[in-house]
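Quick notes on the structure that follows.
The values are calculated or read from the model by the stated rules, or taken from the named source; none is laboratory data. Source: prediction; values computed, not measured. Neighbour counts run over all protein chains shown; Cβ positions are idealised from the backbone, glycine included. Ligands, DNA and RNA are excluded from the accessible area calculation, which covers all protein heavy atoms including side chains. Shrake-Rupley method; radii C 1.70, N 1.55, O 1.52, S 1.80 Å.
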Amino acid sequence: MRDRFHDPERVRQLAARIGRRMTRGWRIMEVCGGQTHAIVRYGIDELIPAELELIHGPGCPVCVTPIELIDRACELACTPGVRVCSFGDMLRVPGSSGDLHSARARGGRVQIVYSPLDALAVARAQPDTQIVFFAVGFETTAPATALSVARARAEGLRNFSLLVAHVRVPPALEALLDAPEAQVDGFLAAGHVCSVMGLDEYAPLCERYHVPIVATGFTPVDLLEGLLACVDQLEVGRAEVVNQYARAVASSGNRSALELIRQVFQVEDRCWRGLGSIRSSGLALRAEFAEFDAEHRFALGVPQPLPASRCWSARVLRGEVKPTACPEFGRACQPLHPLGAPMVSDEGACAAYYRYRAPGAVEASAVDG
Ligand code: SF4
């Protein structure tokens, strides 16, 4: 039996309401890769009117981590006395000349962990090894990273540091809207990011660019309610922040998590794979935590010029094309031998299309009870 967030009848009703509401075509971007996977998996894009185009956004933290940082992680893993701890899906993300898997095959030390606190435990257990946690993720994972480094400092651990790749969502939306080719009419914001950060950062974007932004969850009913809330606004010319995911999101966010982030991190410019450098889009350790910054602690090499790539991930991450438009999709690029990060990650758009839309894939249906 399906729960109310997967209720086929409710799904049908919402899709029909969206159709009745629309008087013209709209383009709505779902920001989060988890939402992209749900849309493709449940065929939400095939339930709604063809004139409502869903654009997949850059909300996959693994996908947007720049090649230079992958290269640094590989370099650290191959540095004597150092062990890199990382989430598992980072291991197959290609750098300029290999990934963390291949670094491990060359003798590098790489350990999969499920949280930064696991990496901290490794540091406690191996006092003679420098443990570097590859801190990837949006605002959702930043509080746990902040907690790990705060604890390391409190415990006086000298063998724990971070390679920080945390990124912030609102500046990326601003960059997408500033791009000359921008064609986004509204956004579904990622519910889990909003549960940490709240909604306050989105109101200035709504006002400045006149786009509605709806904090949205991840089930078929959530996504269709989010789309309806967006279309409702677009049809009457409104552009406000709406909270579809109120069961998890408070408009003020999670105060404890926000305070942890504020204590440990400061905002800085950050380079995103596919989008380039985006002002104020990254989190970096504050000066008082600089000793825990792996890029300060270790003498790392100068980034090398990037080789030409056949991967269209930049266009996919900007929402310009769907993954299936890439000439390498399902051919040279598949999950077991990816050419780009979006084919690797559980939140990558290319992986979603490969898993649920490639020939032979089994697609779930949001309307079959
Ligand atoms: S299908 Fe592969 S090569 Fe093409 S954009 Fe996606 S990750 Fe890159």
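Data overview
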{"item": "Checking residue 293 against (1) over 21 Å from the mean Cα position of the chain (by Cα); (2) surrounded by 20 or more Cβ atoms within 10 Å (Cβ to Cβ), the condition it does not meet", "result": "(2)"}
{"item": "Among (1) open to solvent by 20 Å² or more (accessible area, probe 1.4 Å); (2) over 19 Å from residue 279 (Cβ atoms) - the single one residue 177 does not satisfy", "result": "(2)"}
{"item": "Among the residues listed as 217, 237, the single one being small (Gly, Ala, Ser), at pLDDT 95 or above and either closer than 21 Å to residue 64 by Cα or touching a Phe, Trp or Tyr at 6+ places or on another chain (Cβ under 6 Å) (or both)", "result": "217"}
{"item": "Residue check, residue 348 at positive phi, at pLDDT 90 or above and within 8 Å of the ligand (Cβ to nearest atom)", "result": "no"}
{"item": "Members of the range 1-33 found to be under 14 Å from residue 220 (Cα atoms) and buried (at least 20 other Cβ atoms within 10 Å of the Cβ), listed by number", "result": "11, 14, 15, 18, 30"}
{"item": "Odd one out for residue 346, checked against (1) outside any helix (DSSP H, G or I); (2) open to solvent by 30 Å² or more (accessible area, probe 1.4 Å); (3) touching a strand residue (DSSP E or B) at 6+ places or on another chain (Cβ under 8 Å)", "result": "(3)"}
{"item": "Residue 139 being open to solvent by 40 Å² or more (accessible area, probe 1.4 Å) and not polar (S, T, N, Q)", "result": "no"}
{"item": "Members of the range 17-38 found to be out of contact with any helix residue (DSSP H, G or I) (no Cβ under 9 Å at 6 or more places or on another chain) and among the basic types (Lys, Arg), listed by number", "result": "20, 27"}
{"item": "Within the range 312-338, tally of residues that are in a loop (DSSP other than H, G, I, E, B), modelled with pLDDT of 90 or more and near the ligand (Cβ under 9 Å from one of its atoms)", "result": "8"}
{"item": "Of all residues making up the range 149-161, the number that are more than 16 Å from residue 262 (Cβ to Cβ) and surrounded by 15 or more Cβ atoms within 10 Å (Cβ to Cβ)", "result": "6"}
{"item": "Elements of type helices (runs of 4 or more DSSP H) contained in the range 1-115, each with 2 or more residues being touching a residue at least 12 places away in the same chain (Cβ under 8 Å), in contact with a strand residue (DSSP E or B) (Cβ under 6 Å, 6 or more places away or on another chain) and farther than 26 Å from residue 189 by Cβ", "result": "67-77, 100-105"}
